[in-house]
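Heads up, the thing below is written out as structure tokens.
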Amino acid sequence: MNLSESEGIMSYQSHGLTSMREFFGDFVIYRNLVPADRRLAAGNELSLELGLTGGPPPRKAENEYGLIVAEMLRQARKLDFPKTMVKRLVYIGDTHMNDGTAFRNICLAGSWPGWAFIGQEDMSMPRHVVYDEPFVLANRWSALSEFLSFLDEKGFVRDEETVVVIDVDKTAIGAKGRNDGVIDDVRVESAKRTVADVLGTGFNEEIFRAAYSELKQAPYHLFTADNQDYLAYICLILGAGIFTLDQLIREIRSNRITGFVPFITLVQNRREELGASGLTTVHDDVWSRVQRGDPTPFKLFRYIEYQATISRFGDMPGETVEEILRQRIVITQEVRDIAMEMRRRGALIFGVSDKPDEAAFPLDANTGLKPLHRAESLAVGEFCGNMS
């Protein structure tokens with residue numbers, strides 16, 4: 001049964017199996033800024049060429065991110081059209097701050113005009129689209145079709161000189177407000193599985209859930225840096241009983257522990273307890289990576305996250321679309337449509353993601369598992385009979 005939008009429930013339909021490779025090819029970068037298409041230079045190489053400072057790969061909101069990605073886009077365009085210069089940019093994402101900042105920085109670095117669509121599905125409000133140059137903000141992903149018409153009306157040419165940058169998580173897949181809950185569930189599931197695997201019979205799910213639920217909240221972001229690796233490691237240490245949650249909260253609130261590095265340093269100083277709990281090997285790996293400035297130091301957690309994520313791709317024969325949206329990470333049909341339309345006109349389609357590479361690629365290529373952008377899943381979009 002299809003329910004109308006006016007009844008407060010969006011109706012969706014499946015468009016069959018596909019993968020993000022259909023529209024990205026291998027033009028995708030994850031957190032390490034290493035393109036899946038190895039014909040392109042990696043971010044650290046481009047950083048040297050551009051005379052930028054070294055260190056960990058810059059994040060979306062940093063100026064250096066825009067400079068590196070802009071150069072990648074130029075190089076990617078020349079692979080197919082050696083004599084063509086990039087002249088304009090379209091960006092599609094789900095967060096005004098993070099994606100919006102990345103969009104502005106890429107435009108600035110390339111000296112390109114551009115428009116960005118920032119979308120989410122919010123059924124608590126009537127359909128609403130705001131045009132605030134250079135942004136189009138919408139509470140329906142189906143507004144992407146209007147965005148295309150809008151670009152045409154503005155005379156914004158869509159051809160070989162145009163680049164379309166699309167955010168991966170909660171945009172191309174797991175659309176925000178529609179299907180992003182599955183991505184969030186996978187993160188919790190991955191952290192839980194990691195802690196459970198390491199602690200074995202000593203794992204207490206109640207302790208884990210209490211710690212995770214509390215420390216994931218915004219008031220603790222100064223402590224966790226809103227970093228899932230840090231959060232999973234902290235839950236592991238609490239699960240082993242080296243600290244209690246109440247004790248940790250008191251230390252945070254009294255500013256005796258001001259961040260993750262001071263916390264893991266305290267753990268490092270209690271190595272006898274680590275040995276008794278069997279965590280020495282795992283801790284030493286995380287500790288050494290933190291010392292080297294690795295922003296994703298809990299590699300075991302990230303490998304498990306990849307496995308949990310890939311398990312949520314694919315078909316669910318016989319299930320309703322609503323159930324698929326609850327259980328599977330799906331490709332956003334509206335994003336797929338605009339990407340394929342732009343590609344037909346000659347535009348370059350390029351995917352960007354903050355997801356760590358370890359959570360996006362199989363640990364061993366010989367397992368037969370695929371990188372996330374090559375893995376097949378269902379494409380789901382708004383039911384066309386209900387479009388406003």
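Throughout, read-outs are computed from the coordinates displayed, never taken from laboratory work. In this text the structure is predicted, and so the values were computed from the model without any measurement. Positions of Cβ are backbone-derived with ideal geometry, glycine not excepted, and every protein chain shown enters the neighbour counts.
So which GluC sites (Glu not before Pro) in region 300-332 pass both tests, a DSSP loop state and at most 15 other Cβ atoms within 10 Å of the Cβ?
GLU319
What's the ranking of 37-48, 189-200, 149-160 by average number of surrounding C-beta atoms within 10 Å, highest first?
For the peptides 37-48, 189-200, 149-160, the packing ranking is 189-200, 37-48, 149-160.
Compute the separation of the alpha-carbon centres of region 59-110 and region 196-273 and state it in Å as a whole number.
Here the two parts' Cα centres lie 37 Å apart.
Express in nm, to one decimal, how much length is gained between LEU17 and GLU322 on full extension, taking 0.36 nm for each residue of separation and deducting their alpha carbon distance.
Extra length from LEU17 to GLU322 when fully extended: 108.2 nm.
Hey, got the dipole for region 260-336? About the Cα centre, +1 on K and R Cβ, -1 on D and E Cβ, debye to the nearest 20?
The calculated dipole for region 260-336 is roughly 280 debye.
Peptides 290-303, 344-357: what's the order by average Cβ count within 10 Å, highest mean first?
Result, highest mean first: 344-357, 290-303.
Angle between the Cα long axis of helix 63-80 and the longest principal axis of the chain, 0 to 90 degrees, nearest 10?
Result, in degrees: 50.
Taking the Cβ of GLN327 as the centre, find all other residues whose Cβ is under 15 Å away and add up their charges (Lys, Arg: +1; Asp, Glu: -1).
Net charge in that neighbourhood comes out at -4.
Taking only Cα atoms, what is the 0 to 90° angle, nearest 10, from helix 180-199's long axis to the longest principal axis of the chain?
20 degrees
Relative contact order, percent, of the chain when contacts are C-alpha pairs under 8 Å separated by at least 6 residues?
27 percent
Per 5 Å bin, what percent of the C-alpha pairs of region 164-319 does each bin hold, from zero upward?
1, 8, 17, 20, 21, 14, 9, 5, 3, 1, 0
Tell me which of GLY202, GLN217, VAL290 sits at the most positive position along the dipole axis of region 180-307, charges placed on C-beta atoms (Lys, Arg +1; Asp, Glu -1).
After comparing all options, I get VAL290.
Ranking TYR30, TYR12 by Cβ neighbours within 10 Å, fewest first, what do you get?
Going from least to most buried by this count: TYR12, TYR30.
Could you name the lysines in cross-link range of LYS192, using Cα to Cα under 17 Å and dropping any fewer than eight places away on the same chain?
The qualifying lysines are LYS216, LYS299.
Place a point 7 Å from the Cα of TYR131 along the Cα-to-Cβ direction; which residues of region 154-170 have their backbone N under 18 Å from it?
Inside the label zone: 154-158.
To the nearest 20 Debye, how big is the dipole of region 180-307 about its Cα centre, given +1 on the beta carbon of each Lys and Arg and -1 on that of each Asp and Glu?
That gives a dipole near 340 debye.
As I understand it, the value is the acute angle between the Cα axis of helix 333-344 and the longest principal axis of the Cα atoms of the chain; what does it come to in degrees, rounded to 10?
So the helix axis and the longest Cα principal axis differ by about 50 degrees.
In terms of modelled amide H atoms, which long-range or inter-chain residues lie less than 5 Å from the amide H of ILE349?
Residues meeting the amide H criterion: VAL164.
What net charge do the residues around MET85 carry, taking every other residue with its C-beta under 10 Å from that of MET85, with Lys and Arg at +1 and Asp and Glu at -1?
Residues near MET85 contribute +3 overall.
To the nearest 0.05, what FRET efficiency results for HIS96 and ARG344 with a Förster distance of 41 Å applied to their C-beta separation?
Calculated transfer efficiency: 0.90.
Would you please give the FRET efficiency between ASN255 and ALA210, computed as 1/(1 + (r/R0)^6) with r the Cβ-Cβ distance and R0 = 25 Å, to the nearest 0.05?
About 0.65, to the nearest 0.05.
Using the alpha-carbon centroid of each, what span in Å lies between region 278-325 and region 119-188?
When both Cα centres are located, 27 Å separates them.
Between SER288 and LEU369, with labels modelled 7 Å along Cα→Cβ, what's the label distance in nm to one decimal, could you check?
2.3 nm
If I model a spin label as a point 7 Å beyond the Cα along the Cα-Cβ vector, how far apart are those points for ASP80 and SER111 in nm?
So the label points at ASP80 and SER111 sit 2.5 nm apart.
Within the chain, what percent of beta bridges assigned by DSSP are antiparallel, to the nearest 5?
30 percent
With an 8 Å Cα cut-off and a minimum separation of 6 or more residues, compute the relative contact order for region 180-307 in percent.
Across region 180-307, relative contact order equals 31 percent.
What ranking, highest mean first, results for peptides 224-236, 165-177 when packing means the other Cβ atoms within 10 Å averaged over each residue?
Ranked from most to least packed, the peptides come out as 165-177, 224-236.
From the backbone phi of region 29-35, what are the Karplus-calculated ³J(HN,Hα) couplings (6.51 cos²θ - 1.76 cosθ + 1.60, θ = phi - 60°) in whole Hz, Gly and Pro given as x?
10, 10, 4, 6, 6, 10, x
Restricting to DSSP H runs of at least four residues, report the calculated mean residue ellipticity at 222 nm for the chain, -39500 (n - 2.57) per run over all residues, nearest 500 deg cm²/dmol.
That calculation yields -13000 deg cm²/dmol at 222 nm.
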